[in-house]
Amino acid sequence: MNDMKGDTSPHIPVPSGHFIGGKRVDGREELEVLRPSDGGVMGTLPDASDDLVDQAVCDAHRSWLASGWGTRAPRERARVLSRWADLIDANADSLGRLEAIGSTRPIAEARAFDVPFTAECIRFFAECADKFGGDAVPTTHHSLGLVLPEPYGVVAAIAPWNVPLSMASWKCAPALAAGNAMVLKPSELTPYSVMRLAELAIEAGLPAGVFNIVQGRGAGAGAALVRHPLVGKVSFTGSTRTGAAIMSEAAHHGTKPVTLELGGKSPQVVFDDAGDIDAVAGRVVRGFTSNAGQACVSGTRLIAQRGIAGPLIEAIIAKIDALRPGPTWREPSCFPPIINGQQARNIHAAVRQTMDEGASALCGADFFEHDSKGYYYRPTLLADVTSRSLAVREEIFGPVLTVQTFDDEEEALALADHASYGLAAAVHTLDLGRALRATRRIQAGTVWVNRFGRTWDFIIPTGGFKGSGMGKDLGRQAFEGSLRYKSVLIDF
Ligand code: NAD
């Protein structure tokens, strides 16, 4: 776990303060921000008061009106956003370093994936800007009926810590392309990389005040944003519990619409006709260990046909054994840490409780030994579980895979459906009819067949069913969700 030759240094300057009116705004630096990999102090952070949030939202609203961002030609907005994406690509190295050191994203992945993915996401929504207009609708012969999309004004975005840059682009790019101003509150655990994103937006020509960042705790700064009367819509990604609180606050303060991207408990269903076991094991392992399981779509429930369960589990364990933990700044890559001590303890407690309920651990169930203050949890397989076991019921947000077996398709699909979550699911089978039956039957916002995870096709939206949320990120649905529709009827 000591730094290796060629690793980047974790000691880098961080962009402090809030970002309001096109520049950094200092605040009383009250919160310590720790590097997840070694627990060292990365920097400090102000915790926005209600007054500061009010200042940021009012400034965003004023700038939105004064700059004409919402009324200018959509192609002009597209040009600014495209320049922003180009600047992100041009700064990939420094942004990747900031992202990796301040989060759980290994540097190789941050550079190869997170940063270019962020830029491409912004490009996709830039291209949406002039593609989806309103409708001229059929009405009487002496009238003209129109349905006209309009931006909300100020959209608030509240983001989690697991993939800070990409999350910011999912939330901000569609809203800005649709002509809104933004106030983003990143997670207080991973606040810095998005500050560079905001600076690059200004460099690209976004009018000052149209994209703002307030830093601070959720219950303070986050809740004040949701309540603010000039916030027209809230776009949230985070836990199901916080999503419920935000929905309730939004209902009581202006009945404003909310997009909620929440937690999941995604199944990975493997039939005995899935083909090469080793290849399937690779998908299953990536599905639940990527970002050390700290991904909303993490495939944390293995549901395997009885005949192949034994060899599949053996292949999975062999792949897990090859994973080596290490600080996120380690080149070329590593198995990353858990975000902080509290979350690490939560993961371990959930594993122990599931074992107390009767589960047996086939591997893991403890921390890797290491010599830093980071928390690295061993990928864990829990067998002998039922749908009542804690690790099957609840999102753990760590590298923990429960194992259930089935005899026939009906049983498999019944197990796949979760009582409270419906974010994503994967089905592994080479039988086309079976795959299609499964995609129709499983109640989840995304179903993957013979793969696990997204592609770079931003046209495919993401979002959950049931307790996993409402509304969509990505896709034209996210762009259209950033607009409200006005009906106009003109008699002539
Ligand atoms: P969290 O709900 O604790 O926090 C998310 C954000 O909400 C943070 O910025 C936090 O400061 C803020 N917040 C907390 N309480 C608030 C309140 N009362 N009012 C307003 N804002 C508040 O989630 P987390 O621990 O940061 O992230 C992990 C969770 O995010 C997991 O449940 C994961 O599944 C989910 N997630 C979902 C998706 C998706 O697309 N569905 C993607 C990534 C993460």
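Of the options GLY275, GLY254, ALA100, report the single residue whose Cα projects farthest towards the positive end of the charge dipole of the chain (beta-carbon charges: Lys, Arg +1; Asp, Glu -1).
GLY254
5 Å is the cut-off here: which amide hydrogens, built 1.01 Å from N in the peptide plane, fall below it relative to GLY43, excluding neighbours closer than 5 in sequence?
Distant-sequence amide H within range of GLY43: VAL33.
State to the nearest 20 debye the size of the charge dipole of the stretch 267-457 about its Cα centre, where the only charges are +1 on K and R beta carbons and -1 on D and E beta carbons.
600 debye
What order, most packed first, do the peptides 298-304, 284-290 have when packing is the mean number of other Cβ atoms within 10 Å of each residue?
Descending mean neighbour count gives 298-304, 284-290.
At 222 nm, what helix-only mean residue ellipticity would the chain give, in deg cm²/dmol to the nearest 500, using -39500 (n - 2.57) for each DSSP H run of four or more?
Helix-only estimate at 222 nm: -11000 deg cm²/dmol.
Can you give the local net charge around GLY205? Use residues other than it whose beta-carbon is closer than 11 angstrom to its beta-carbon, Lys and Arg +1, Asp and Glu -1.
Neighbourhood net charge equals +1.
Per residue of the stretch 52-63, what does 6.51 cos²θ - 1.76 cosθ + 1.60 with θ = phi - 60° give for ³J(HN,Hα)? Whole Hz please, x for Gly and Pro, Karplus curve as stated.
These are the phi-based 3J(HN,Hα) values: 5, 4, 4, 4, 5, 5, 5, 5, 4, 5, 4, 5 Hz.
Would you kindly derive the ³J(HN,Hα) couplings of the stretch 70-87 from the backbone phi angles with the Karplus curve 6.51 cos²θ - 1.76 cosθ + 1.60 (θ = phi - 60°), listing them in order in whole Hz, with x for Gly and Pro?
Using θ = phi - 60°, the values come out as x, 10, 6, 4, x, 5, 5, 4, 4, 4, 5, 5, 5, 4, 4, 4, 4, 5 Hz.
First compute the accessible area of the stretch 267-457 with a 1.4 Å probe, then give the percent of it belonging to carbon and sulfur atoms.
Carbon and sulfur: 49 percent of the exposed surface of the stretch 267-457.
Using amide H atoms built 1.01 Å from N in the peptide plane, name the residues 5+ places from ILE213, or on other chains, whose amide H lies under 5 Å from its own.
Close amide H contacts, sequence-distant or interchain: PHE19, ILE20, LEU184.
For the chain, what percent of Cα pairs sit more than 44 Å apart?
Cα-Cα pairs of the chain separated by over 44 Å account for 15 percent.
Given the options PHE452, PRO74, THR139, identify the residue whose Cα lies farthest towards the positive end of the charge dipole of the chain (+1 on Cβ of Lys, Arg; -1 on Cβ of Asp, Glu).
THR139
For a paramagnetic label modelled at 7 Å from the Cα of ASP86 toward its Cβ, which residues of the stretch 195-209 fall within the zone defined by backbone nitrogen distances under 12 Å?
Backbone N within reach: 204-205.
When Lys and Arg each count +1 and Asp and Glu each count -1, what net charge do the other residues less than 15 Å away from GLU411, Cβ to Cβ, add up to?
-1
Going by alpha carbons, how many degrees (0 to 90, nearest 10) lie between the helix axis of 341-356 and the longest principal axis of the chain?
Approximately 40 degrees, to the nearest ten.
If R₀ is 51 angstrom, what is the calculated FRET efficiency for the pair ARG437 and LEU146, using the beta carbon separation as r and rounding to 0.05?
Efficiency computed from Cβ-Cβ geometry: 0.75.
Quick one: dipole size for the stretch 226-364, taken about the Cα centre, charges +1 on Lys/Arg Cβ and -1 on Asp/Glu Cβ, in debye to the nearest 20.
Taking the Cα centre of the stretch 226-364 as origin, the dipole is about 600 debye.
Antiparallel DSSP bridges in the stretch 267-457: what percent, to the nearest 5?
Taking every DSSP beta bridge within the stretch 267-457, about 20 percent pair in antiparallel fashion.
Rg over Rh of the stretch 221-325, using C-alpha atoms and the Kirkwood radius, what does it come to?
Computed over Cα atoms, the ratio is 1.22.
Mind listing the long-range amide H neighbours of TYR375? Cut-off is under 5 Å, sequence gap 5 or more, other chains count too, H placed in the peptide plane at 1.01 Å from N.
ILE338
Averaging sequence separations of C-alpha pairs under 8 Å and six or more residues apart, then dividing by the length of the chain, give the relative contact order as a whole percent.
Relative contact order, the chain: 19 percent.
Per residue, how many Å² of accessible area does the stretch 386-458 show with a 1.4 Å probe?
44 Å²
Write down the accessible area per residue of the stretch 47-202 in Å², having rolled a 1.4 Å probe over the full set of protein chains.
Ligands and nucleic acids excluded, the figure is 33 Å² per residue.
Of the DSSP beta bridges with both residues in the chain, give the percent that are antiparallel, rounding to the nearest 5.
Counting DSSP beta bridges with both partners in the chain, the antiparallel share is about 45 percent.
Taking a label point 7 Å from the Cα of GLU394 along the Cα→Cβ vector, which residues of the stretch 361-375 have an amide N closer than 19 Å to it?
Taking a point 7 Å out along Cα→Cβ of GLU394, the residues of the stretch 361-375 whose backbone N falls under 19 Å are 361, 365-367.
Which of the lysines could be linked to LYS256 by a straight reach, that is with a Cα gap under 18 Å, when you skip same-chain ones fewer than 8 residues away?
Hits, sequence-local ones excluded: LYS171, LYS185, LYS233, LYS472, LYS486.
For the stretch 267-457, I need the span (max minus min coordinate) of the C-alpha atoms along each principal axis, in Å, sorted largest to smallest.
Principal extents (largest minus smallest coordinate, Cα): 51, 38, 30 Å.
Taking the Cα centre of each part, how many Å lie between the stretch 459-479 and the stretch 368-429?
The stretch 459-479 and the stretch 368-429 have Cα centres spaced 23 Å from each other.
Could you give me the ³J(HN,Hα) list for the stretch 240-252, computed from phi with Karplus coefficients 6.51, -1.76, 1.60 and θ = phi - 60°, whole Hz, x at Gly and Pro?
4, 5, 5, x, 5, 5, 5, 4, 5, 4, 5, 5, 8
Considering the dipole of the chain built from charges on the beta carbon (Lys and Arg +1, Asp and Glu -1) around the Cα centre, which of VAL115, TRP161, GLY27 is farthest to its positive end?
Of VAL115, TRP161, GLY27, it is GLY27.
Place a +1 charge on the Cβ of each Lys and Arg in the chain and a -1 charge on the Cβ of each Asp and Glu, then give the dipole magnitude about the Cα centre in debye, rounded to the nearest 20.
For the chain, the charge dipole is close to 860 debye.
The values are calculated or read from the model by the stated rules, or taken from the named source; none is laboratory data. Note that the coordinates shown come from a computational prediction; the quantities given were computed from them, not determined experimentally. Here Cβ is always computed from backbone atoms with ideal geometry, including for glycine, and neighbour counts include all displayed protein chains. These area figures cover heavy atoms from the full protein model, side chains too; ligands, DNA and RNA do not enter into them. Shrake-Rupley method; radii C 1.70, N 1.55, O 1.52, S 1.80 Å.
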